[in-house]
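A short worksheet on the structure shown next.
The values are calculated or read from the model by the stated rules, or taken from the named source; none is laboratory data. For clarity, every value in this text was computed on a predicted model and none was experimentally measured. Please note: Cβ atoms are built from the backbone with ideal geometry, for glycine as well, and neighbour counts cover all protein chains shown.
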Amino acid sequence: MYEAGTGTGMVEGWDPKWTRMVLGVDCGESLQDFARELQDNIEAAESIWRSTQISSEQMKELRKAAGFDD
């Protein structure tokens, strides 16, 4: 804990782009489980999210048709 708080020891040079410091086996395993579930969800829905790309102009038309005239 001290090293994590002070950036010394095992975490010295830790890249600040990593936003989570996982401390403890239970926490690490829980985060791994969450990442697996998230990856499974991304893969399961890929055909849907890949088919929904629309242009800005199409979005404007959809918004107007739905009554969101801005």
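Listed values, structure above:
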{"quantity": "Inter-residue pairs, beta-carbon under 8 Å, first under 18 Å from A4 (Cβ atoms) and in the stretch 22-39, second not in a helix (DSSP H, G or I), 6+ apart", "calculated": "L23/M1; G28/V22; L31/R20; L31/V22"}
{"quantity": "The stretch 1-29 - residue that is of a type in the set (F, W, Y) and not in a helix (DSSP H, G or I) and, of those, modelled with the highest pLDDT", "calculated": "W14"}
{"quantity": "Test set (1) of a type in the set (D, E); (2) surrounded by 10 or more Cβ atoms within 10 Å (Cβ to Cβ); (3) part of a loop (DSSP other than H, G, I, E, B) - D33 fails condition number", "calculated": "(3)"}
